[in-house]
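The values are calculated or read from the model by the stated rules, or taken from the named source; none is laboratory data. All figures in this text were calculated on a predicted structure; none of them were measured in a lab. Glycine also receives a Cβ, built like all others from the backbone with ideal geometry; neighbour counts cover every protein chain displayed.
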Amino acid sequence: MSQTFGASPVILITGASSGIGRALAFRLAPSGARLALVARRAPLLAEVASEVEAAGGTALPLACDVTIREQVEGAVAETIARFGQLHVLVNNAGRGNNAYIHDTPQDQLESIFRVNVFSLWYGTAAALRHMVPLGRGQIVNVASVAGKIGFPGNAAYVAAKHATVGFTRALRAELAGTGVIATTIIAAGTLTDWAIAAEGGPMLELFDYERERGSQLAQQMNRELPPPLPLLTADSVASEIANSIGDTTPEIYTHPGLRDWVLEYETDQESAEQKLEPFWIANREGYERKASKIPS
Ligand SMILES: NC(=O)c1ccc[n+]([C@@H]2O[C@H](COP(=O)([O-])OP(=O)(O)OC[C@H]3O[C@@H](n4cnc5c(N)ncnc54)[C@H](OP(=O)(O)O)[C@@H]3O)[C@@H](O)[C@H]2O)c1
């Protein structure tokens, strides 16, 4: 099923200064959409906005911290003031974290929930006050495979993305009969700054170690390997998100093979965990090796 928002829908994208949000702005630029672009780094947002305009699009850059409710409400209000309406809100801003549960600092735990979860309430509530009375609109929430499967080393992020999935399910239930739709995007490995910008330090070294050492361990333990998932460009993922606009499908998987991975985990978690276990052992090993090099 689908819903249409006319030839020039108004779309607010959070996290538009880099990665997937930036790529989504470029994807939508030639389509006639009018874009409100939200992030904290104003100079980067201004660059994205001028590139969108150069590609024939319309862009309103709005410097805003999505963890501050008044700023998010202000961004939604400015969008409606400038364009007269808001058809689609893409809650894409997010950050990962790099810490095992036993040593996740309190401020990191709170910060990860503020940016990945609380921000959803702020933007969605403000957008719905406008959309529901008009009987149309869409909220798109960018979750992750980490919102469906447990992974080690970033439990705050994993729990926050599970909350994103739960939030969107509750939202869909609350929106029944209103004409407003809600969508969860389930993305996996994407070439962006995400792993570098993670709270608690970059994660690339640990991911590399996990992949190499995990494959060795899987061979030694005689374990079946999990099906490989491609690492996609931000543009490929953005293209799936762009296609989700107007689509009433509840959950959209951006990577080939990802839905099957999640289905296997959900239908037989123990068997799926057996395949992942060597990689998780490697992850703990890599994390502890790194921690032992850092003086406390
Ligand atoms: N990359 C992956 O492998 C992957 C996989 C699955 C899901 N995802 C999800 O995809 C989304 C986009 O991530 P990405 O990969 O594109 O990472 P990214 O390149 O690091 O982009 C993150 C964006 O979020 C914005 N942001 C962070 N904190 C913010 C705040 N407090 N207020 C406003 N904006 C904020 C950043 O802008 P400023 O720093 O300028 O504020 C930036 O534009 C995230 O929700 C992420 O969890 C990513």
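Determine whether segment 97-112 contains at least one residue that is of a type in the set (A, V, I, L, M) and under 18 Å from the mean Cα position of the chain (by Cα). Steps first, please.
First pass over segment 97-112, keeping only residues of a type in the set (A, V, I, L, M): 99, 101, 109, 112.
Okay, now just the ones that are also under 18 Å from the mean Cα position of the chain (by Cα), so 109, 112.
Yes, that holds for at least one residue.
Restricting to segment 52-74, and then to whatever is part of a helix (DSSP H, G or I) and in contact with a Ser or Thr (Cβ under 8 Å, 6 or more places away or on another chain), can you tell me which residue is nearest to A125 (Cα to Cα)? For segment 52-74, the residue satisfying everything is V72.
Scanning segment 242-284 for residues that are within 15 Å of the ligand (Cβ to nearest atom), part of a loop (DSSP other than H, G, I, E, B) and among the small types (G, A, S) turns up just one, G257.
To keep it simple, each residue is scored yes or no on (1) within 20 Å of A155 (Cα to Cα); (2) surrounded by fewer than 20 Cβ atoms within 10 Å (Cβ to Cβ).
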| site | (1), (2) |
| --- | --- |
| E251 | no, yes |
| H255 | no, no |
| D268 | no, yes |
| R289 | yes, yes |
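Of all residues in segment 63-81, those that are over 11 Å from A93 (Cβ atoms) have Cβ atoms under 6 Å from Cβ atoms of residues that are more than 13 Å from the ligand (Cβ to nearest atom) and part of a loop (DSSP other than H, G, I, E, B), 6 or more apart or on another chain, in T79/L86; I80/L86. In segment 189-218, of all residues being in a strand (DSSP E or B) and touching a Gly at 6+ places or on another chain (Cβ under 8 Å), the one that is farthest from the ligand (Cβ to nearest atom) corresponds to E199.
Within segment 80-116, take every residue that is in a loop (DSSP other than H, G, I, E, B) and polar (S, T, N, Q) and give me the one that is nearest to E240 (Cα to Cα). So, considering only residues that are in a loop (DSSP other than H, G, I, E, B) and polar (S, T, N, Q), the one nearest to E240 (Cα to Cα) is N92.
Would you point out which residue out of S292, S244 is of a type outside the set (K, R) and at pLDDT below 95? Walk me through it before giving the result.
Values: S244 fails: at pLDDT below 95.
Of the residues listed, the single one that is of a type outside the set (K, R) and at pLDDT below 95 is S292.
The number of residues in segment 100-126 being more than 16 Å from the ligand (Cβ to nearest atom) and crowded, with 17+ Cβ neighbours inside 10 Å comes to 1. Of the residues making up segment 74-99, just one is away from the ligand (no atom under 16 Å from the Cβ), closer than 22 Å to A23 by Cβ and not hydrophobic (A, V, I, L, M, F, W, C), namely H87. Suppose we keep only residues that are assigned to a strand (DSSP E or B), within 12 Å of the ligand (Cβ to nearest atom) and among the polar types (S, T, N, Q) within segment 131-182. Which one would you say is farthest from I11 (Cα to Cα)? Filtering segment 131-182 for residues that are assigned to a strand (DSSP E or B), within 12 Å of the ligand (Cβ to nearest atom) and among the polar types (S, T, N, Q), the one farthest from I11 (Cα to Cα) comes out as N154. The residue that is modelled with the lowest pLDDT, among those in segment 1-25 that are more than 9 Å from the ligand (Cβ to nearest atom) and part of a loop (DSSP other than H, G, I, E, B), is M1. Checking L60, L28 one by one, the residue that is more than 8 Å from the ligand (Cβ to nearest atom), among the hydrophobic types (A, V, I, L, M, F, W, C) and within 16 Å of R82 (Cα to Cα) is L60 and no other. Selection over segment 30-61 of residues that are touching a Pro at 6+ places or on another chain (Cβ under 8 Å), aliphatic (A, V, I, L, M) and farther than 18 Å from A238 by Cα gives a count of 2.
On the given criteria, is R34 surrounded by fewer than 24 Cβ atoms within 10 Å (Cβ to Cβ), near the ligand (Cβ under 9 Å from one of its atoms) and not small (G, A, S)?
On the way: surrounded by fewer than 24 Cβ atoms within 10 Å (Cβ to Cβ): yes; near the ligand (Cβ under 9 Å from one of its atoms): no; not small (G, A, S): yes.
Criteria not met by R34.
Kindly evaluate A54 against the criterion of being surrounded by fewer than 15 Cβ atoms within 10 Å (Cβ to Cβ), among the aliphatic types (A, V, I, L, M) and within 14 Å of the ligand (Cβ to nearest atom). No; evaluated as a whole, the condition is false for this residue. Inspection of segment 218-237 identifies at least one residue that is buried (at least 16 other Cβ atoms within 10 Å of the Cβ) and more than 25 Å from the chain's Cα centre (by Cα).
Looking only at segment 219-241, how many residues end up being within 16 Å of the ligand (Cβ to nearest atom) and either within 20 Å of G286 (Cα to Cα) or assigned to a helix (DSSP H, G or I) (or both)? Steps first, answer last, please.
Step one: of segment 219-241, the residues within 16 Å of the ligand (Cβ to nearest atom) are 228-241.
This time we only want the ones that are either within 20 Å of G286 (Cα to Cα) or assigned to a helix (DSSP H, G or I) (or both), so: 234-241.
The total comes to 8.
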